[in-house]
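S.K.: Let me begin by handing over the structure; questions about it come next.
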Amino acid sequence: MDLNFTEADQAFRQEVIEFLNSELPADISRRVHADLPVSKEDTEFWHAVLHKRGWLTYNWPKSFGGVGWSPVQQFIFEEECAAAGAPRILPFGLKMLAPVLMAFGSKEQQEHWLPRMCDGTDWWCQGYSEPGSGSDLASLKTSAVKQGDHYVINGQKTWTTLGQYANMIFCLVRTDSDCKPQAGISFILVDLATPGIEMRPIRTLDGGQEVNEVFFTDVRVPVANLVGEENKGWTYAKYLLAHERNGIANVGISGQKLARLKRLSLTQKRGGKPLAYDPLFAARLARLEIGLRNLETTNLRVLDGFSKGAGPGPESSMLKIIGSELEQNFDDLTRRALGRQAQAHTPEVFEPGYNGPQVAPQDMANQSAAYFNKRKVSIYGGSNEIQKNIITKMILGL
């Protein structure tokens, strides 16, 4: 993006680049660039490296231990991390739950849970969706009945991302059934080691296990784990989702997909000439690049608003829609550019000792799986259709 970066911004970018060159292992970078799954150990390793440097909480306010970076610095950091192939910072604790605790949690909850997100003690997952409550999240049925100093939880959550690695889950539960659906929901923190919890894997279209379903049977959770007020969870849920949608924009990741696609267009040929000279392909690529530049500008504007104390607004839904559709379109155009090479899903080419044929360029051998996996991004975090309804209500008043 052609921003008017100051000399200080350029110096900061160089600092980030030097840090990534020094600290990011080449093998992890290679796997990220090739769209291969990153292991739990690699994710925890990278979190620990960032925490040691003081950069893990780069988007937190200084009052809660953040580094106090400007919106442009945050943008530069995310852009360079994506360019280097750094593992994604897990959003569930640091970027989703943390803002909720900062805004609505008690001082005791903030002092207990926030440090544990940073030092790796807790791996959080999200308990929102249910089999019959996805886009219509307010219809959720998982119940929490107060009994003395505990809530007893019964129900089921689904699409729980990386739940197989987590030790904690934040959940929306129904604490009142005799009112408007949104008014009877509470926000509670649950230790996954508590008796009565079962985690079952869901196999996805690409053959992986990224999501799970979670069953709660008479699970007893301390009342102290309730965030904010009982029956006010819908307010907290919307606040969290707005932060999640900002992250789904994935500007830096799409920027890398654009750069990779441009490189590919010079090596793949159609009619004996590089794809870059095919008018139809060039026009599609240009539309994607223009969309990405517009998304970058909007993303910076939203970050600037956050830095000045503004809460998440309809811009979060705009970022979610445009960002998710751009990412899908980049993967689709890459798949088309690869042609027959995109048909084979051959992650074994990355295993030590592999001597077979290279079906596709090494950094794209997993493109088919990536394409199928990213069909989900326009659904999670609130489907794009629902986001359009939110924009209509918040901006147009309809």
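S.K.: Please determine, by comparing only the residues of the range 118-144 that are under 20 Å from the mean Cα position of the chain (by Cα) and within 22 Å of N389 (Cα to Cα), which one is modelled with the lowest pLDDT.
M.R.: Going through the qualifying residues, I end up with S135.
S.K.: Give L258, L266, L241, L280 a once-over and let me know the one that is part of a helix (DSSP H, G or I), farther than 30 Å from I197 by Cα and touching a residue at least 40 places away in the same chain (Cβ under 8 Å).
M.R.: Going through L258, L266, L241, L280 in turn, just one is part of a helix (DSSP H, G or I), farther than 30 Å from I197 by Cα and touching a residue at least 40 places away in the same chain (Cβ under 8 Å): L258.
S.K.: Another question about this same structure. Within the range 139-157, how many residues are crowded, with 16+ Cβ neighbours inside 10 Å and on the phi < 0 side of the Ramachandran plot?
M.R.: Going through the range 139-157 one residue at a time, the tally reaches 11.
S.K.: Under 9 Å between Cβ atoms, at least 6 apart or on separate chains: pull out the pairs that start in the range 174-188 with a residue that is among the β-branched types (V, I, T) and end on any residue that is in a loop (DSSP other than H, G, I, E, B).
M.R.: T175/E230; T175/N231; I185/L140; I185/T175; I185/D176; I185/N231; I185/K232; I188/T175
S.K.: Further, regarding this structure: Restricting attention to the range 122-138, report how many residues are in contact with a strand residue (DSSP E or B) (Cβ under 8 Å, 6 or more places away or on another chain), part of a loop (DSSP other than H, G, I, E, B) and either crowded, with 16+ Cβ neighbours inside 10 Å or not assigned by TED's automatic domain parsing to the domain that holds S186 (or both). Spell out how you get there, then give the answer.
M.R.: Kept after step one, since they are in contact with a strand residue (DSSP E or B) (Cβ under 8 Å, 6 or more places away or on another chain), are these residues of the range 122-138: 122-131, 137-138.
Within this subset, residues satisfying the condition of being part of a loop (DSSP other than H, G, I, E, B) are 122-123, 128-129, 131.
Filter once more, so that each one left must be either crowded, with 16+ Cβ neighbours inside 10 Å or not assigned by TED's automatic domain parsing to the domain that holds S186 (or both): 122-123, 128-129.
Of the residues in that region, 4 qualify.
S.K.: Okay, next question. Out of F187, F216, I need the residue that is in contact with a helix residue (DSSP H, G or I) (Cβ under 8 Å, 6 or more places away or on another chain) and in a strand (DSSP E or B). Which one?
M.R.: Testing whether each residue is in contact with a helix residue (DSSP H, G or I) (Cβ under 8 Å, 6 or more places away or on another chain) and in a strand (DSSP E or B) leaves just F187.
S.K.: For the range 283-302, does any single residue satisfy the condition of being modelled with pLDDT under 85, hydrophobic (A, V, I, L, M, F, W, C) and not assigned by TED's automatic domain parsing to the domain that holds E130?
M.R.: Yes: one or more hits.
S.K.: If you don't mind, another one. Quick check: is even one residue across the range 216-232 within 25 Å of Y371 (Cα to Cα), in contact (Cβ under 8 Å) with a residue 60 or more places away in the chain and loosely packed, with under 14 Cβ neighbours inside 10 Å? Steps first, answer last, please.
M.R.: So the first thing to find is which residues in the range 216-232 are within 25 Å of Y371 (Cα to Cα), and the list is none.
Checking the range 216-232: not a single residue is within 25 Å of Y371 (Cα to Cα), in contact (Cβ under 8 Å) with a residue 60 or more places away in the chain and loosely packed, with under 14 Cβ neighbours inside 10 Å.
S.K.: Evaluate the range 45-60: report whether one residue or more is farther than 21 Å from A8 by Cβ and of a type in the set (D, E, K, R).
M.R.: Looking for residues that are farther than 21 Å from A8 by Cβ and of a type in the set (D, E, K, R), one finds at least one in the range 45-60, hence yes.
The values are calculated or read from the model by the stated rules, or taken from the named source; none is laboratory data. Bear in mind the structure is a predicted one, so any value in this text is a computation, not a measurement. Glycine gets a Cβ as well: all are built from the backbone with ideal geometry, and neighbour counts include every protein chain shown.
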